[in-house]
1. Would it be correct to say that Phe75 is surrounded by 16 or more Cβ atoms within 10 Å (Cβ to Cβ), hydrophobic (A, V, I, L, M, F, W, C), in contact (Cβ under 8 Å) with a residue 40 or more places away in the chain and in a strand (DSSP E or B)?
2. Criterion first (in contact with a His (Cβ under 8 Å, 6 or more places away or on another chain), within 19 Å of Ser34 (Cα to Cα) and either modelled with pLDDT under 95 or surrounded by 15 or more Cβ atoms within 10 Å (Cβ to Cβ) (or both)) does Thr91 satisfy it?
3. Taking the range 80-95, which residues are under 25 Å from Ala41 (Cα atoms) and free of Cβ contacts under 8 Å to residues at least 12 places away in the same chain?
4. So, in the range 109-129, exactly how many residues are exposed (fewer than 14 other Cβ atoms within 10 Å of the Cβ), farther than 23 Å from Glu50 by Cα and within 17 Å of the chain's Cα centre (by Cα)?
5. Quick one: Asp110 ticks every box in (1) out of contact with any Gly (no Cβ under 6 Å at 6 or more places or on another chain); (2) more than 27 Å from Gly80 (Cβ to Cβ) except a single one, so which number is it?
6. Please go through the range 114-145 and give me each residue that is in contact (Cβ under 8 Å) with a residue 60 or more places away in the chain, of a type in the set (A, V, I, L, M, F, W, C) and closer than 15 Å to Cys86 by Cα, ordered by number.
7. Those residues that are in a loop (DSSP other than H, G, I, E, B), within 22 Å of Met160 (Cβ to Cβ) and within 15 Å of the chain's Cα centre (by Cα), I need them from the range 88-108; list them, please.
8. Considering only the range 140-161, state which residues are more than 15 Å from the chain's Cα centre (by Cα) and crowded, with 16+ Cβ neighbours inside 10 Å.
Amino acid sequence: MFKIIFPSSILALSIFSSCNFSKGVKKDLNTGLSTAYNGFAIDDIYLASEGQKLSNNTVAMGSKINITVTGVENFVEKNGKVYPGCTIILTDKAGKEILNLADAFSEMADGTTAAEAKTLQASLNTGSPMAVGETYHLNVRFFDKNKKESEIVANISLLMK
């Protein structure tokens with residue numbers, strides 16, 4: 001009986017491990033960065049400024065912040081290239097749009113390699129019309145231009161200091 005069950009267990013394990021299905025959610029309890037992803041596999045996602053991971057959501061006015069995703073896999077390749085996209089939307093506490101970039105990666109019209117797309121980064125320079133003491137909502141969506149349903153959506157509230 002053991003010999004019959006064991007091979008079928010290995011078959012089932014190999015069938016499940018060969019799938020490229022990736023879906024999940026992550027929440028950074030320190031910064032409040034909330035992430036949902038579908039179609040991609042990722043290792044990590046975090047809020048950073050000046051090349052350093054941030055430990056909270058308070059951001060200095062005039063600084064450049066990034067939402068960085070590492071270990072991104074499962075892009076659809078065409079002719080050895082992948083085509084990532086990135087939408088960045090910033091709103092104030094009333095929901096009024098301050099910034100809406102439909103595709104922050106538009107300069108990658110000719111694509112990039114899958115190895116280079118393993119790390120994706122959305123950047124935001126803080127400043128006018130933002131105001132110190134106010135809270136803003138940042139929404140970033142990374143996506144595959146060859147498979148639009150594959151996406152990584154990150155949301156965070158930022159407090160300007």
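1. Criteria not met by Phe75.
2. yes
3. Within the range 80-95, no residue meets the criteria.
4. Qualifying residue count for the region: 1.
5. (2) is the only condition that Asp110 fails.
6. Scanning the range 114-145 gives Leu124, Leu138, Val140, Phe142.
7. Scanning the range 88-108 gives a single hit, Ala104.
8. As a first pass, look at the range 140-161 and keep what is more than 15 Å from the chain's Cα centre (by Cα): 146-147, 157-161.
The answer is Asn146, Leu158, Met160.
The values are calculated or read from the model by the stated rules, or taken from the named source; none is laboratory data. The structure presented is a predicted model; accordingly, all values stated were derived computationally and were not measured. With ideal geometry, Cβ positions are generated from the backbone for all residues, glycine too; neighbour counts draw on all protein chains shown.
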